[in-house]
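The values are calculated or read from the model by the stated rules, or taken from the named source; none is laboratory data. The model shown is predicted, which means the values in this text are computed figures rather than measured ones. Neighbour counts run over all protein chains shown; Cβ positions are idealised from the backbone, glycine included. Side chains included, ligands, DNA and RNA excluded: accessible areas come from the protein's heavy atoms. Shrake-Rupley method; radii C 1.70, N 1.55, O 1.52, S 1.80 Å.
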Amino acid sequence: MSNVIKLKRGLDIQLKGRAEKILDQMDRPDTFAIKPTDFHGLTPKLAAKEGDKVKAGSPLFFDKYQPEVKYVSPVSGEVVAVNRGERRKILEVVVKADGENQSEEFRKANPADLSRDEVREELLRSGLWPAFKMRPYGVVARPDENPRDIFISCFDSAPLAPDYDYILSGEESAWQTGLDALSKLTDGKIYLGLPAEGANKVFANSKGVEINRFQGPHPAGNVGIQLHTVAPLAKNEVVWTIQPQDVVAIGKLFEKGIYDPSRIIAFAGSEVKEPRYYRTWVGANLAGLFKGRLTNDHVRFISGNVLTGNRIESDGFLGFYDSMVSVIPEGDYYEAFGWALPGFNKFSPSHTFFSWLGSKKKKYRLDTNMHGEERAFVVSGEYEKVLPMDILPVYLLKAILANDIDKMEKLGIYDVVEEDMALCEYVCTSKIQVQSILRKGIDSMIKELG
Amino acid sequence: MKAIRNLFDKAKPHFEKGGKFHMFKSVFGGFETFLFVPNHTNKNGTHIRDYVDLKRTMVIVVVSLIPALLFGMYNIGYQHNLAVGETADFWQTFFYGFIRVLPIVVVSYVTGLGIEFATAQMRGHEINEGFLVSGMLIPLVMPINTPLWMIAVATAFAVIFGKEVFGGTGMNILNPALTARAFLFFAYPSFMSGDSVWTRIGAGNHAVDGFSGATAMAQAAQGHPITYSVSDMFFGFIPGSIGETSTLAILIGAAILLWTGVGSWKIMLSAVLGGTVMGLLLNIFAVNAYMAVPFWEHFIMGGFAFGVVFMATDPVSAAQTPKGKWIYGFLIGFLAILIRVINPAYPEGVMLAILLMNVFAPLIDHYVVESNIKRRMKRATVKA
C-alpha cells in the first residue's frame, strides 16, 4: 500500500542535457581515489601508506574517533599518492589499479539469518558502512546507535538527476537482500520514498518496508524532505539514510561475499555531447570519461548534481555518494548591463526576466556565473517557496550567523542538511552562500552537543 | 562595450589594494557593477544561480513607479492649469510638470547616492542598490511646492539616520523614503500640509476665484462634501503628492510588482482588507461626514494606494515571515484609515501607519517565529 503525498513548494530547474537511457561502459581508469572530504566532519587516519598493496575492500583510512568505520579501496592495486591540502588535510588517497581484480573475502550469508551485531560487523569490515548517513547533521552514521528508522529515497528530483529505477533494473534480488540486511539494524521501519508514478520495476515490490509516494517539484526526492513530511525528528532521535545503489552493494556483499564498488552514473549537462548512463566505479578517475565527450572545453566538472555536487578537475574522481556527473559551462565573463536587459533567455523562477514568456518545458543552458554580487538579506519570502518544510529558513540562517545554538535547535537545524536548502541558495537574490552557512551551523552543533 | 570593458580592466589594478586610487575602490566597483554583471562564479554550494539579483529587483520597482511618475508630472501641469484658469494642450501640460518634477528627482538621487557612495567608501563596502528605489520614492511622496533644499535635507536625513546608521541596505528598520517625508512633515509642517502646497501656481500667476487647492481628504476632514468625482480620484486628476494621486497608475505598478513577484501580494491584499474593515466600522458608527465616507473611497483618496503598494511592501522594513506579512499589512490598512478619519491633526494616516508598523514588524515576526518554534516542539513531544 502506498499513499501519494503532494508537495507544492519547490522548483524544477529545466537544464539541457538530460542523460538518455542508454547504458555505456566506461573504460576502466588507471587510478581511483577515495576522498575524505566527501564525508563531513571526518578526521581521517591513514591505514595504508604510499606503496602499499591493497585489494578491493582493504582499508585506506579510518575515522580517528570511530576507528571501526573504515574507508576502503574500490580496486586492487597500489596506493600511489596521498594528496594533501592546506594544513596537511588529506584530500585524496589515490590507488593505482593493477587490473587483477583481487577482492577481500567477506562472509556470504542470508542477512535474515544473522544478528544485528553480525550484520553491523560485516558492513563495517567491508567498508560499506559510510554509505549510512545520519539525521540530524548528515554525517556518517555512528555504528553504536540504534536508529529510530531508516529512510531511503528511491528517486532523485535534482536537475538532470539519474533514474534509479533504470539504474537498478535487474538488481531486484540484491536490492531485497540489502533491505533485509538494513532491517536488522533498526527496531523501527524502513521507509521508501517513491515518485508519484513509475519506479515500479525495482522498488514498488520491496518487502518489509513502508512505501510513500511523493508528488511535486524538487526537492521532493530529497530524503530529508521525505523524512520531515512522513515522520519528523524529535530531539535526540536519530534516523539513518542510505541511497539505493548502496543498498544494492550491501545486498551483493551478502549474496556474493565481495565488496562491489561498481556504480552506474548519469553523465549529463549541456556541454556533454551524448549524455547517457555509464557503468563505472566508486572513486573512479573521470578523465577518460570526459575525453572526447564534451562540446566545449571551458566547463565546470561537477561530481554530483549542479545544486549540491562538488567541483572537480578534468582529471578528478567520482565522489563516494555521487550517482551522476554534470558538466556545465563556466560563467567567468562580464555581461554589459546584464541586470537591465529584458532577458528572454534568462531562466528565473521570479518573473523579473522575460523568460516567463517562453514555454515552461523549455530547457536552458545555465552557467556558473553568480549573476550578481553578495548582499545583505533584502527580499523576504523567496526561500519559503522552494523549501517544503515547516521551517523559517532565513531565521535559521540568521541564528547560525549569530552562532546561537539554542535558536538553531529551536528553528529546526536537525531537519535540514545542505541539499535540502540548496534551492534556497539558487533562488537567493542576495546571493547568500546558504549551504556553507548551514554546514557551519551543523558543525558547531556537533561540536557543542556531540 | 568592449572598449569600456578594456578600460575598466586596465584601470582596475589602480583601485586594488596597494594601487594609488585604492581609496576610491567602492566608487570604482559601483560603476563597474552598474555597467557589467561581474564575472564572479560560484565556488562551492550551488553551481548555478538564478539570474535575478538585487539590481534587477530594484530596477523592477523603479519601472513599476514610472506610470505614477509620468502621471504625476502631467497632473502637476493639469492642476496648475485649473488653478490659474489656463488651457493648454497635453504636451504643454505634461512639460509644465516635467520641468518641475525633474529637479526634485535629480536632487533626491544626487544627494542620496552621494551619501551612499561616501559611506560605502568609508566602510570599505561595496555600494548597495537600495537607494535606486528610495531615490525615486522620495520625490513621489513630496508635495510639488517643496523647496529643493528641503528635499536634499530630508533625503540626507533619511539615508543617514534611516539607513546607514543601522548598517545600510537590508539592515534598516524604517522605510527610508517615508523617513524623509516624516522628517519634513514634522520639521516643516507648513510645507507638507495645508491647501496651498499641492498645486504649483507659479510666481506672477494668480489663482482663479473659488480655487481652493484642498485635497479630497482635507475637504472630508473639515466636514465639507468631497467635490472631486470618483473617476477623477481614481484616474488621479486631484491635488496631492506628486506620485500618489492616480490610483490607476499605481495599480499598473502594483500589477508589475505582483507579476514579477517583487512585491508581496500578502501585504497588499491584507492592507486593503484592513482598510476595508476599518472603513466599514467607521461607516457603521458614523457620527460625522468623514466617518460616513464610503470605505472604498478611502482607497482612491490620498496616499493609501501608493503607500500600500510601494511603501508597505518594502521587504526590509516589512514583516518577513509569511504569517507576519498578513498581520502587518492588515494593521497598516486598519490604522491608516483610523488615523486618517479620527485624528484631526493628520489628514493623512498612511505614512504614520506604515512607519508605526515598520517599528512593530520585528515584534510581529518575533511572535510568528515563536509560534513556529512552539508548534515544532509540540509535534516533537507528541511523537516521542
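Tabulated data for the structure shown
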item	result
Selection from A:ILE446, A:VAL379, A:PRO393, by position along the positive dipole direction of the range A:370-449 (Cβ)	A:VAL379
Protection-proxy order for peptides B:37-46, A:411-420, each taking the mean of Cβ atoms within 10 Å per residue, highest first	A:411-420, B:37-46
Percent carbon-and-sulfur accessible area, the protein assembly as shown, ignoring ligands, DNA and RNA, probe 1.4 Å	59 percent
Signed unit charges on C-beta, dipole axis of the protein assembly as shown, positive-most listed residue B:TRP326, A:LEU286, B:ASN39	A:LEU286
Relative packing of B:11-17, B:77-83, A:277-283, B:96-102, which averages over residues the other C-beta atoms within 10 Å, highest first	A:277-283, B:77-83, B:96-102, B:11-17
Interface size A-B, as summed buried accessible area [1.4 Å probe, Å², nearest 100]	6300 Å²
Dipole magnitude (debye, nearest 20) for chain A, charges at Cβ of Lys, Arg, Asp, Glu	660 debye
Kirkwood Rh, angstrom, the range B:111-199 [1 / mean 1/r, Cα pairs]	13.3 Å
Which of B:TRP296, A:TRP356 is most accessible, then next, and so on - probe 1.4 Å	B:TRP296, A:TRP356
Share of alpha-carbon pairs per 10 Å distance bin for the range A:370-449, given as whole %	19, 56, 23, 2
Largest to smallest principal axis extent of the C-alpha atoms in chain B, angstrom	70, 68, 35
Potential lengthening between A:ASP113 and A:ARG365 on full extension [0.36 nm per residue; Cα-Cα distance subtracted]	85.6 nm
Viscosity 0.692 mPa s, 37 °C: Kirkwood-radius Stokes-Einstein D of chain A over Cα pairs, µm²/s	145 µm²/s
Nearest-10 value in Å² for the accessible area of B:TRP259, using the 1.4 Å probe	130 Å²
Dipole magnitude of the protein assembly as shown about its Cα centre (Cβ charges: Lys, Arg +1; Asp, Glu -1), debye to nearest 20	260 debye
Signed unit charges on C-beta, dipole axis of chain B, positive-most listed residue B:THR57, B:TRP91, B:PRO225	B:THR57
Average silhouette area of the protein assembly as shown, convex hull of alpha-carbon atoms, in square nanometres	39.3 nm²
Rounded to the nearest 10 Å², the accessible area of A:SER103 at probe 1.4 Å	30 Å²
Residue with peak Gaussian network fluctuation, chain A [Cα springs, cutoff 10 Å], from A:PHE317, A:PHE344, A:PHE254	A:PHE344
Exceeding the 21 Å Cα-Cα cut-off - candidates A:LYS184/A:LYS256; A:LYS6/B:LYS378; A:LYS35/A:LYS64	A:LYS6/B:LYS378
Residues B:VAL27 and A:GLU448, FRET efficiency given R0 of 56 Å [Cβ-Cβ distance, rounded to 0.05]	0.85
Total formal charge among the other residues, if their Cβ is under 12 angstrom from that of B:LEU82, Lys/Arg +1 and Asp/Glu -1	-1
Candidate lysines for bridging to B:LYS12, where Cα separation is under 26 Å - those fewer than 8 sequence places away on the same chain excluded	A:LYS431, B:LYS2, B:LYS20, B:LYS25, B:LYS43, B:LYS55
Cα shape, the range A:7-66, gyration tensor, a/c 1.5 rule	oblate
In order through the range B:228-234: 3J(HN,Hα) via Karplus (6.51 cos²θ - 1.76 cosθ + 1.60), integer Hz, x for Gly, Pro	8, 6, 4, 5, 4, 5, 5
Accessible area of the range A:176-233 divided out per residue, in Å², using a probe of 1.4 angstrom	32 Å²
log₁₀ of I(q)/I(0) at q = 0.12, 0.13, 0.21 Å⁻¹ - the range A:56-180, Debye sum with one point per alpha carbon	-0.63, -0.74, -1.41
Most mobile listed residue (B:LEU269, B:LEU132, B:LEU35) in chain B, GNM with C-alpha springs under 10 Å	B:LEU35
Average beta carbon contacts from partner chains per residue of B:233-242, 10 Å cutoff	0
Pair A:ARG88, A:GLU100: separation of 7 Å Cα→Cβ label points (nm)	3.2 nm
Where labels lie 7 Å past Cα in the beta-carbon direction, separation of A:LYS49 and A:ASP390 in nm	5.7 nm
The range A:356-427: relative contact order as a whole-number percent, Cα under 8 Å and 6+ apart	33 percent
Å² per residue, accessible surface of the range A:370-449 at 1.4 Å	30 Å²
Kirkwood Rh (inverse of mean 1/r, distinct Cα pairs), the range B:1-124, angstrom	18.4 Å
